[in-house]
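Single-structure report; data block below.
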Amino acid sequence: MKKTLLSLLMVAALGFATKAQTIAIKANPLALLGGTDLVSGEFKIGDNSSASVGLGVAGYKLGGSKYSSFGGEAQYRYYFRESLHGWYVGAKAGYLTGKVKIEDFFDGQEYKTNYGSLNIGAKAGYQWAFDSGFVIDLNLGAAYSSFKYDDNDGAFSTLKGSGVLPNLGFGLGFSF
């Protein structure tokens with residue numbers, strides 16, 4: 001009975017130790033400025049690769065426009081050393097939806113509309129995964145973002161934000 005119990009505990013401990021290296025949950029405070037990865041989960045899918053999904057909410061002001069948004073993204077990462085550790089390159093795709101308010105400079109009226117943005121891009125970065133489970137992720141990249149506004153007339157005719165935009169990420173989290 002003791003041998004069976006000891007064997008089961010060893011198998012359970014080995015399973016937990018293996019799982020400890022396969023998932024990282026992170027928060028990216030920079031996403032509050034319009035990102036789609038405020039909270040993300042990164043999952044090891046191979047020796048050198050991972051996939052992640054993220055969700056984000058944001059509210060920010062840009063010039064005379066005030067944005068609020070909600071979105072999500074998916075990423076694939078290739079790590080040069082081992083999955084979830086060290087230097088990596090990756091591809092990402094995301095969608096952001098929200099509302100924008102703008103005050104017309106000439107008549108002082110406030111106008112509102114909904115918008116959506118599809119983005120596709122690439123990132124490179126470095127992720128530190130410490131023995132304690134603490135994770136720090138720094139990355140930089142670029143993505144093409146295509147913005148579409150429900151109301152393209154009047155005050156919104158000048159909002160032409162589509163194009164290649166920088167992506168900067170700083171994630172703090174824990175790996176399991």
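List of remarks:
- The range 16-102: chymotrypsin sites (Phe, Trp or Tyr not before Pro) in DSSP coil with no more than 16 other Cβ atoms inside 10 Å: 80
- Cα-based Lys pair tally, the range 43-137, threshold under 18 Å, eight or more apart or on separate chains: 11
- Charged neighbours of residue 82, selected by a Cβ distance under 13 Å, balance to +2 (K, R count +1; D, E count -1).
- Residues whose amide H falls under 5 Å from that of residue 83, counting only those 5 or more places apart or on a different chain, are 48, 49, with hydrogens built in the peptide plane.
- Derived scalar couplings ³J(HN,Hα) [the range 96-107; Karplus, 6.51 cos²θ - 1.76 cosθ + 1.60; whole Hz; x for Gly, Pro]: 10, 10, x, 10, 10, 10, 9, 9, 5, 4, 7, 9
- For the range 24-160, the carbon plus sulfur part of the accessible surface works out to 62%, probe radius 1.4 Å.
The values are calculated or read from the model by the stated rules, or taken from the named source; none is laboratory data. Keep in mind that this is a model prediction, so the values were computed, not measured. Here Cβ is always computed from backbone atoms with ideal geometry, including for glycine, and neighbour counts include all displayed protein chains. Heavy atoms of the whole protein, side chains included, go into the accessibility calculation; ligands, DNA and RNA do not. Shrake-Rupley method; radii C 1.70, N 1.55, O 1.52, S 1.80 Å.
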